[in-house]
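Read the structure below first, then the notes.
The values are calculated or read from the model by the stated rules, or taken from the named source; none is laboratory data. Predicted model, so just to flag it, every value in this text is computed and none were measured. Cβ atoms come from the backbone with ideal geometry, glycine included; neighbour counts cover every protein chain shown.
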Amino acid sequence: MTRLRTPDWLGSVRQWHWVSSALCLVGLLLFAVTGITLNHAGQIEARPVTTTVEQALPDALLQSLRQQAGAEGAPEEARLPTALRHWLGERAIATGGRLAQWSVDEIYLAMPRPGGDAWLAIDLRAGELLYEDTDRGVISYLNDLHKGRNTGVAWRWFIDLFSVACLVFTATGLWLLLRHGAARPATWPVAGLGLVIPVLLAILFVHR
């Protein structure tokens, strides 16, 4: 009995399909779960934890900051000086390479992140630091990853590449359905439901 040989291009489609599905597996799980948590955000109670630090700056550091802020041609946005970052690090306040807002009276740095927020303000006249950090929990963190909120360039690139992999996965899956659907009578009715159900829900129940 002669066995039919699978065309080379069909084998390539199958390979692209399983490779893209493997790449998308964990990402699809993450986005599916966070899709549910975002849809029920009002029912999922968050318990934010806020940490506040109020402290006077050392005189030498304060004088250096005043000189830098009052210098002619000083930028309105600039990174915190190394000495200040080191002093903040000793108090478990990480600022990274973010740009702060500088004025003669105040230095202000916003530090939003997925699942939380933080900011610090230095009153250059009074010489006092006020720092506040709010952590909204794991679910809020995952929800912000889903939305790409305050996640940085690397995560946004990941979302774009993940979306491309999903497109490859769905396109090759559709091609395989076209190839083998004739042998499975339920294929196209089920695939059609995947289109008809969301369209009907959008038309009948989504408010405009």
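List every residue pair whose Cβ atoms sit under 6 Å apart, with the two residues 6 or more apart in sequence or on different chains, where the first one lies in segment 73-84 and is assigned by TED's automatic domain parsing to the domain that holds Ser103 and at negative phi and the second, anywhere, is surrounded by 10 or more Cβ atoms within 10 Å (Cβ to Cβ) and part of a loop (DSSP other than H, G, I, E, B).
Note: pairs meeting the criteria are Leu80/Thr95.
Regarding Ile93, is this residue of a type outside the set (Phe, Trp, Tyr) and at pLDDT 95 or above?
So Ile93 does not fit the description; no.
So for segment 157-174 (the condition being of a type in the set (A, V, I, L, M, F, W, C), modelled with pLDDT of 90 or more, under 21 Å from Ser20 (Cα atoms) and in contact with a Gly (Cβ under 7 Å, 6 or more places away or on another chain)), does at least one residue qualify?
yes
Residues Leu65, Leu129: which one is surrounded by 17 or more Cβ atoms within 10 Å (Cβ to Cβ), at negative phi and either in the same structural domain as Gly152 (by TED's automatic domain parsing) or assigned to a strand (DSSP E or B) (or both)? Give the derivation first.
Working: Leu65 fails: either in the same structural domain as Gly152 (by TED's automatic domain parsing) or assigned to a strand (DSSP E or B) (or both).
Just one listed residue meets the conditions, Leu129.
Determine, yes or no, whether Ala69 is among the small types (Gly, Ala, Ser) and either free of Cβ contacts under 8 Å to residues at least 60 places away in the same chain or under 28 Å from Val153 (Cβ atoms) (or both).
yes
One line per residue, one yes/no per condition, for (1) surrounded by 11 or more Cβ atoms within 10 Å (Cβ to Cβ); (2) within 18 Å of Leu28 (Cβ to Cβ); (3) in contact with a Pro (Cβ under 9 Å, 6 or more places away or on another chain):
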residue: Ala154; (1), (2), (3): no, no, no
residue: Ala165; (1), (2), (3): yes, yes, no
residue: Val168; (1), (2), (3): yes, yes, no
residue: Thr172; (1), (2), (3): yes, yes, no
residue: Leu177; (1), (2), (3): yes, no, no
residue: Pro185; (1), (2), (3): no, no, no
residue: Pro189; (1), (2), (3): no, no, no
residue: Gly192; (1), (2), (3): no, no, no
